[in-house]
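Below is one structure, written out as structure tokens; comments come after it.
Values quoted throughout were computed directly from the atomic coordinates according to the rules given, and no laboratory measurement underlies them. It should be emphasised that the depicted structure is a prediction, and the values quoted were computed from it without experimental measurement. Neighbour counts are summed over all protein chains in view; Cβ atoms, including those assigned to glycine, are modelled from backbone coordinates with ideal geometry.
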Amino acid sequence: MYGFMDGFLLYLQTEKNASPHTVQNYRRDLFDGLGFFALKLAREDHTIHPAELTAPLFRYYLAEMKTRGQTSATVSRRLSSWRSFCRYLCREGVLEENPLRRINSPKRVRKLPGLLAQQDANQLVESPDRESLLGRRDRAVLETLYGTGIRVSELVGVNINDVDFKRATIKVTGKGNRERIVPLGGYAAEALNIYIKKIRPRLMENKPGRVDALFLNNRGGRLTDRGVRWLIKKYAALVKIDPGTSPHTFRHSYATHMLDHGADLRTVQELLGHARLSTTQIYTHLSRERIKRIYDKTHPRA
């Protein structure tokens, strides 16, 4: 089975332009299922052939995940990964029919993403210490996240030459290796300018040689998405806001605050890099929920 899985993951990388993060998620999902199939068939996982993956076996897997208490989102994602893998095997002539063709994924409960109030967002981005080296870097990271709405994977992938102060833009590479140009707000541009001129050169002293990454860690290497999540958690605790605040919270807040102040949905779609407008439309629900809460709280006869 391993050879077929390796071929599929390579196909995702080379033909589908899937990101390393996406490929790793597929790998994790496939190995979760393979582990279950090996136990069910009483076989070593590497000896299992795709032809042994029948519809009843997948139904057992579906039931086992529910028994484990996996969320509907996780179950749906894993079945989707296996469905894509089996579709690939059909295309390669390894399978005659996709065993998951008639198996439905559980309905997902659509949960509205977390959101920062504008006051909390301002407080959070202004919380790093302006007198410290890493504090100045962290301020630039937070201002960029909130000022552009880019994904954390896009943020840590930005290189120094991707920032254009003359046009006040930043170039990012999103899903499917699609590049887009995103405007930089005034606060983000100012924080980035200070960071690039005064802070980044000092961080580079810790790592000899050329470093292209825009945001560096304290050892002079490229800042990782884990590092960004950690610093957000740190400052969220400092200003006593939702400890679940994440890079994606900034992205949701960016989109919702834009819509609240009159931006149209198509513009927000372009800024976020969404391929489909339907993906962006969740933010209209967020805005409506917020309006409803304000109405209920303020109108005397609500």
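Observations, loosely collected:
- Scanning the range 132-146 for residues that are farther than 18 Å from residue 121 by Cβ and among the β-branched types (Val, Ile, Thr) yields nothing.
- Close contacts from the range 60-79, counting a first residue that is touching a residue at least 12 places away in the same chain (Cβ under 8 Å) and farther than 13 Å from residue 36 by Cα and a second that is charged (D, E, K, R) and surrounded by fewer than 16 Cβ atoms within 10 Å (Cβ to Cβ), with Cβ to Cβ under 8 Å and a gap of 6+ residues or different chains, come to 72/107; 72/108; 73/108; 75/66; 76/108.
- One residue alone among 17, 104 is outside any helix (DSSP H, G or I), over 30 Å from residue 173 (Cβ atoms) and either of a type in the set (S, T, N, Q) or under 21 Å from the mean Cα position of the chain (by Cα) (or both), and that residue is 104.
- In the range 197-226, the qualifying residues are those that are out of contact with any Leu (no Cβ under 8 Å at 6 or more places or on another chain), free of Cβ contacts under 8 Å to residues at least 40 places away in the same chain and not in a loop (DSSP other than H, G, I, E, B), and the one that is farthest from residue 132 (Cα to Cα) is 226.
- Within the range 61-74, the set of residues being surrounded by fewer than 17 Cβ atoms within 10 Å (Cβ to Cβ) and over 22 Å from residue 88 (Cα atoms) comprises 63, 64, 66, 67, 68, 69, 71, 72, 73.
- Single match in 27, 59 (criterion: basic (Lys, Arg) and within 26 Å of the chain's Cα centre (by Cα)): 27
- Scanning the range 164-182 for residues that are in contact (Cβ under 8 Å) with a residue 40 or more places away in the chain and either in contact with a helix residue (DSSP H, G or I) (Cβ under 6 Å, 6 or more places away or on another chain) or surrounded by 14 or more Cβ atoms within 10 Å (Cβ to Cβ) (or both) yields a count of 5.
- Top-ranked residue in the range 136-174 [being within 20 Å of the chain's Cα centre (by Cα) and of a type in the set (Ser, Thr, Tyr); ranked as nearest to residue 269 (Cα to Cα)]: 148
- Top-ranked residue of the range 183-240 - restricted to ones that are of a type in the set (Lys, Arg) and over 23 Å from the mean Cα position of the chain (by Cα), ranked as farthest from residue 173 (Cα to Cα): 240
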